[in-house]
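The values are calculated or read from the model by the stated rules, or taken from the named source; none is laboratory data. As the structure is a prediction and not an experimental result, all values here were calculated from the model. Using ideal geometry, Cβ is built from the backbone for each residue, glycine included, and neighbour counts are taken over all protein chains shown.
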């Protein structure tokens, strides 16, 4: 079995690799070429644990099981990453364990990659102004993801910690963008073509009345029961809601609150991202559509990234071999 550290993963995978792998994962899932993704959530003191498992039929079949601890106070209270864990990659045809991979790097990058894929299909191609809500590491990756597929040249940074917002704004300016710390979130959202929310919030802070026609909203933070960043009305018709996985989003995403409130009466009519990238459903159909991408983070993204990393590492002789049977 191959052991791959965070630095090993950074050596073998670039961000564009994550984008390509994640898009292919959603396409394969829509085509019925995946093993049913599953999610387990466990609350913990000051944090939570997620276990996600699923498989893909690539050039060979793979299954991956990821266990992550998410402790969002870690950077301040313990000087540790907010997300830590591991991914165990298997040959899905034989059950042989192939690799054990550090999961924090994959989780952060594949989450950004899903936004890039969704924005490519669902945002207006001319989108130039973005608001990023949540300016930790994921916020930086989200901005990179948007710029990967859109001509973003202006960003509004918003965070409960003004210093974090200033850090993102400074990084954006260094990259040649016009960047501002958003003291008034309503005004920032109203001026934006794209809005990304990537916080651990359990209370909605983005309102429907702030969104102008044509806005693309990528809601990233809600990935467990009770989390919420968008007011439920944001998902109400005529807004279009696209989810990563319908069953999962109904339980842990922004969709959970829209269903409880009754503003989305029939979740079965919603579209999964895979149906769009596979050509089964259209992407954006007009410049005036408000489109919400409800992203809960899926096991198929982890499988795609882990399998690609495994292949690259074997090819390039990266990582450390370990025989668990020894």
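Checked across segment 181-201, the condition of being without any contact (Cβ under 8 Å) to a residue 12 or more places away in the chain and not in a loop (DSSP other than H, G, I, E, B) holds for at least one residue. Taking residue 116, is it more than 20 Å from residue 210 (Cβ to Cβ) and outside the structural domain of residue 228 (by TED's automatic domain parsing)? The answer is no for residue 116.
Inspect segment 93-104 for any residue being under 28 Å from residue 284 (Cβ atoms), assigned to a helix (DSSP H, G or I) and touching a residue at least 40 places away in the same chain (Cβ under 8 Å) and give the result as yes or no. No, segment 93-104 contains no residue that is under 28 Å from residue 284 (Cβ atoms), assigned to a helix (DSSP H, G or I) and touching a residue at least 40 places away in the same chain (Cβ under 8 Å). Residues in segment 19-36 that are outside any loop (DSSP other than H, G, I, E, B) and more than 25 Å from residue 145 (Cβ to Cβ): 35, 36.
Each residue in segment 37-62 was checked for being under 22 Å from residue 1 (Cβ atoms), touching a helix residue (DSSP H, G or I) at 6+ places or on another chain (Cβ under 7 Å) and in a strand (DSSP E or B), and 7 pass. Exactly one residue among 323, 233, 287, 266 is farther than 30 Å from residue 59 by Cα, out of contact with any strand residue (DSSP E or B) (no Cβ under 9 Å at 6 or more places or on another chain) and modelled with pLDDT under 95, and that residue is 266. Considering each residue of segment 84-98, count those that are under 13 Å from residue 303 (Cβ atoms) and either surrounded by fewer than 24 Cβ atoms within 10 Å (Cβ to Cβ) or within 17 Å of the chain's Cα centre (by Cα) (or both), and give that number. Selection size over segment 84-98: 6.
Within segment 160-174, residues that are outside the structural domain of residue 132 (by TED's automatic domain parsing) and surrounded by 15 or more Cβ atoms within 10 Å (Cβ to Cβ) have Cβ atoms under 8 Å from residues that are in a helix (DSSP H, G or I) and at pLDDT 95 or above in no pair, counting only partners at least 6 apart in sequence or on another chain.
For segment 249-271, which residues satisfy the criterion of being touching a residue at least 40 places away in the same chain (Cβ under 8 Å) and surrounded by fewer than 23 Cβ atoms within 10 Å (Cβ to Cβ)? Explain how you work it out, then say what you get.
The first filter runs over segment 249-271 and keeps only residues touching a residue at least 40 places away in the same chain (Cβ under 8 Å), leaving 249, 251-254, 257.
Of everything in segment 249-271, those that are touching a residue at least 40 places away in the same chain (Cβ under 8 Å) and surrounded by fewer than 23 Cβ atoms within 10 Å (Cβ to Cβ) turn out to be 251, 252, 257.
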